[in-house]
Amino acid sequence: MLLLNKQDDAEETAAALLERDHYCEMHPRSPTAIHRPRVMVRGRSFVALLGSTLEDGVAGIGNSVEAALHAFDIQFKNSLRSKP
């Protein structure tokens, strides 16, 4: 059963990466397209993360891959504005 769950997780992650690639094609100048954050499935949410942790990096969280990537783009732009 554990092996099946890991396989399901791997398949979800692979599908999420394909969706990220499609998002990048549709938004070629976005922070997502430029920086290619990792996309992970966490429970029923998707996380787009650039960096090693949520605390140290830039992240977007959403109920779909597209929503997480859009949130990432907003957070990335906000992080540039907040630096002195």
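Laboratory data are not the source of any read-out in this text; all were calculated from the coordinates shown. Values in this document were obtained by computation on a predicted structure and should not be read as measured data. FYI the Cβ positions are ideal-geometry reconstructions off the backbone, even for glycines, and counts take in every protein chain you see.
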Checklist outcome for this item: Within segment 12-38, the residues that are within 15 Å of residue 76 (Cα to Cα) and among the aliphatic types (A, V, I, L, M) are 33, 34
Checklist outcome for this item: By residue number, the members of segment 20-50 that are of a type in the set (Gly, Ala, Ser) and in contact with a strand residue (DSSP E or B) (Cβ under 6 Å, 6 or more places away or on another chain) are 45, 48
Checklist entry - On the given criteria, is residue 81 within 22 Å of residue 15 (Cβ to Cβ), surrounded by fewer than 18 Cβ atoms within 10 Å (Cβ to Cβ) and of a type outside the set (A, V, I, L, M, F, W, C)? => result no
